[in-house]
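For reference, the structure discussed in these notes is given below.
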Amino acid sequence: MNGLLRIALKLLLNDKGKFATLVIGITLSVFLMMQMTSMFSGILYQSASNIVNVGARMWVMDPAVQTPQNSIPMPNYVLDAVRSIPGVKFAVPFYVGAGLVRLNDGTYQSATIIGLDDASLFGRPAIISGRITDIYQNNAFIMVKDANYAKLGSPKIGTSFEINDHRAVVVALAHTPVPGLFGLPTLYTTYNRATQDLPSTRYLISYILVQPKSTQDIAAIQQQVKRLGYLALTDQQFINRNDRFYEFQTGMGTNILIMTLISFLVGLSIAGETFYMFVLDNLEHFGALKAIGAKSGELIQMIVFQSLVVGFLGFGFGVLLSSTMIAIAKLKIANYAAMVTYENLFMALIMVLIISVFSSYIGIRKVIRIDPFDVFRG
Amino acid sequence: MILTAKGITQSFGEAPNQTYALRDVSFAVDFGEMLYIVGPSGSGKTTLLSIISGILRPDGGDVVVKGTDIWKLDSDALAGFRLQTIGFVFQDYHLFPRLTTLENVAIPLILRREPWDRSLAEARKTLQIVGLAEKESLPPYKLSGGEQQRVSIARAIVAQPDLLIFDEPTASLDGDTGRKIIAFVKEHILNAQRAIIIVTHDSRIYEYATRIIRMEDGRIVPGTGVDHEK
């Protein structure tokens, strides 16, 4: 490190009060920004759990569908029509619905029921206990063993209960990569059983899961499905559609954005004001340095370096604090929806850089304007 | 000559409130001189000091230091020239309270991009010259006024400048300490390759001057060590 930057660092570190205020201010700001955006990322991620867990390349749905939880049933002919589109390797029906489970102790619990295509069981979860083929037994359901498993009394294989007044038997336990957002237990069964046992509208198919022959076929399939009056999306497009719904149509995105901006402004004001005070405290000495022969560029270099040091330290501590809080919360709260993403980190870093640039700018303005003649005039 | 100033004129403000701080001031300083610029408050001493040290651009006149017409240099070149040629001792010392005494003294060398360790080694030697070697790790605010002034002097001489500028060096010191400091400067700092210009109104230290210029109303009082015809 060159000597001037070393001097700048010592000036900063040795002013312990202001240094601590600067770092704590930026740390808190980053912590709040990370907490807000991580929470929102977690909500978005978990709200798209079905898309991720099923793993289908393409989803066909009613054009009014915005999220995987709110499907609009489609008639059976759509499935046949989709299967006949060139470029479709296979297409299977998929059911998502809510069932009311009556436990043996007489209590009720809502659950998500997923119906897999009887022939292929496409989109099935990873089995951790029992056999997937047992799903073809009478009244068979596969229970997802996740954070909501205990809500159905932590059933073992062979446990029975009622779903919408139909007998249900747990034949296997399974695991899915992403937990659902709404804290409901998930049960898998066949498409036919799901549509028979659960009260339904005239049309039954929630989604049609499509596997294209190749990536090049996707656009043509989407065009053909559009001519049928329906919408075909890739899994990523469906996730994006779900994200946009939560971001722009629920108010959640706006609230998170406002809170993030407030956190940013808190950091900006604390860091800006403290750094300004720090520069003011050293202003006459900077003037003396100018008189001795320091060039303005060198003083700017020192100030920018100081603001970047506190910025990066605050960023590091803020990320560490928010990651630790999220990790602890995930240990204590089963379905805690928060995740630190590279996008969140990048956004927080950009915000910190803006804080650093702003703080150094107001300091630089003062230092540039100081006239070494003032040092002589006292 | 190490310094020649010719026809220096400086005014502040706009007409009709314009006031002249300096009017056609000319003088020269030779190597080995300890020149005092004295006079009452408002006589133009500090303005003159700022102009001859390359800090305040004059309205008119030339300042030549070691053969360089300093006001023909651009601001960066002028800053570099000050760094290489002139050492400053400010009235309020202007030592960084968050740095050690040693680091404060090393600043001119650090500004010259000398390596850190070498700068500190030179600063240590200079602190020995001013008798403060044992205080090198203390921050300046833990030193007495006289000690701070000596640190300030050490900072001014650490880079071996040819010209030293002292602005009211005894203003914050008691009489005895002030005299000791100036006696020390004359004995240990002044030499044949260097000149020292001191602005002061402290008559107790006049005895150490090799020459005294007296100023009044922005002019040098004739017959006070300056050849006005030069």
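Here are the numbers for the structure shown:
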item	result
Residue, surrounded by the most Cβ atoms within 10 Å (Cβ to Cβ), within the range B:118-132, restricted to residues that are among the aliphatic types (A, V, I, L, M) and assigned to a helix (DSSP H, G or I)	B:Ala123
Hits in the range A:169-186 - residues which are within 14 Å of A:Gln69 (Cβ to Cβ) and surrounded by 16 or more Cβ atoms within 10 Å (Cβ to Cβ)	A:Pro179, A:Gly180, A:Leu181, A:Leu184, A:Thr186
Any chance A:Pro93 is out of contact with any helix residue (DSSP H, G or I) (no Cβ under 8 Å at 6 or more places or on another chain) and either of a type outside the set (D, E, K, R) or at positive phi (or both)	no
Subset of the range B:11-41 (residues that are touching a residue at least 12 places away in the same chain (Cβ under 8 Å) and assigned to a loop (DSSP other than H, G, I, E, B))	B:Asp30, B:Phe31, B:Gly32, B:Glu33, B:Gly39, B:Pro40, B:Ser41
Filter result for the condition that a residue is acidic (Asp, Glu) and touching a strand residue (DSSP E or B) at 6+ places or on another chain (Cβ under 6 Å), over A:Asp117, A:Asp105	A:Asp117
The range A:101-133, subset polar (S, T, N, Q) and surrounded by fewer than 19 Cβ atoms within 10 Å (Cβ to Cβ), residue nearest to A:Ala91 (Cα to Cα)	A:Ser120
Identity of the residue in the range A:258-304, among the aromatic types (Phe, Trp, Tyr) and within 14 Å of chain B (Cβ to nearest Cβ), that ends up farthest from A:Leu22 (Cα to Cα)	A:Phe286
Test for B:Leu73: is it buried (at least 19 other Cβ atoms within 10 Å of the Cβ) and either among the hydrophobic types (A, V, I, L, M, F, W, C) or facing chain A (nearest Cβ under 8 Å) (or both)	no
Subset of the range A:20-29 that is buried (at least 20 other Cβ atoms within 10 Å of the Cβ) and more than 27 Å from A:Gly253 (Cα to Cα) - its residue that is nearest to the other protein chains (Cβ to nearest Cβ)	A:Leu22
Residue in the range B:94-106 that is under 18 Å from the mean Cα position of the chain (by Cα) and over 30 Å from A:Leu13 (Cα atoms) present	no
Among (1) within 29 Å of B:Ser203 (Cβ to Cβ); (2) touching a helix residue (DSSP H, G or I) at 6+ places or on another chain (Cβ under 6 Å); (3) in a helix (DSSP H, G or I), the one test that B:Leu83 misses	(1)
B:Gly146 being part of a helix (DSSP H, G or I), within 26 Å of B:Gly32 (Cα to Cα), at pLDDT below 90 and over 14 Å from the mean Cα position of the chain (by Cα)	yes
Residue count, the range A:237-285 (criterion: among the aromatic types (Phe, Trp, Tyr) and surrounded by fewer than 20 Cβ atoms within 10 Å (Cβ to Cβ))	3
Filter result (in contact with a Leu (Cβ under 8 Å, 6 or more places away or on another chain) and polar (S, T, N, Q)) within the range B:88-128	B:Thr100, B:Thr101, B:Asn104, B:Ser119
Residues of the range B:46-63 satisfying the condition of being closer than 15 Å to B:Ala28 by Cα and within 16 Å of the chain's Cα centre (by Cα)	B:Leu48, B:Leu49, B:Ile51, B:Ile52, B:Ser53, B:Val63
Residue in the range A:329-338 that is over 30 Å from A:Ala150 (Cβ atoms) and either of a type in the set (Lys, Arg) or crowded, with 18+ Cβ neighbours inside 10 Å (or both) present	no
Residue in the range B:133-145 that is nearest to B:Phe96 (Cα to Cα), counting only those that are buried (at least 17 other Cβ atoms within 10 Å of the Cβ) and free of Cβ contacts under 8 Å to residues at least 40 places away in the same chain	B:Glu136
Extreme residue, farthest from B:Arg219 (Cα to Cα), among residues of the range B:6-42 that are within 21 Å of the chain's Cα centre (by Cα) and within 14 Å of chain A (Cβ to nearest Cβ)	B:Ser41
B:Ser152 vs. criteria farther than 23 Å from B:Thr170 by Cα, among the hydroxyl-bearing types (Ser, Thr, Tyr) and in contact with a Pro (Cβ under 9 Å, 6 or more places away or on another chain)	no
Top-ranked residue of the range B:86-116 - restricted to ones that are under 26 Å from B:Lys66 (Cα atoms) and free of Cβ contacts under 8 Å to residues at least 40 places away in the same chain, ranked as nearest to the other protein chains (Cβ to nearest Cβ)	B:Ile110
In the range A:198-221, the residues that are more than 30 Å from the chain's Cα centre (by Cα) and β-branched (Val, Ile, Thr)	A:Thr201
Condition broken by A:Gln66, with the remaining ones in (1) in a helix (DSSP H, G or I); (2) out of contact with any strand residue (DSSP E or B) (no Cβ under 8 Å at 6 or more places or on another chain); (3) under 30 Å from A:Ala232 (Cβ atoms) satisfied	(1)
Exclusive hit being within 14 Å of chain B (Cβ to nearest Cβ), buried (at least 20 other Cβ atoms within 10 Å of the Cβ) and at pLDDT below 95, set A:Leu12, A:Leu32, A:Leu44, A:Leu5	A:Leu12
Sole exception among (1) assigned by TED's automatic domain parsing to the domain that holds A:Leu32; (2) part of a helix (DSSP H, G or I) for A:Asn242, by number	(1)
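The values are calculated or read from the model by the stated rules, or taken from the named source; none is laboratory data. These figures come from a predicted structure and were not determined experimentally. Ideal geometry is used to build each Cβ from the backbone, glycine not excepted, and the neighbour counts take in all protein chains shown.
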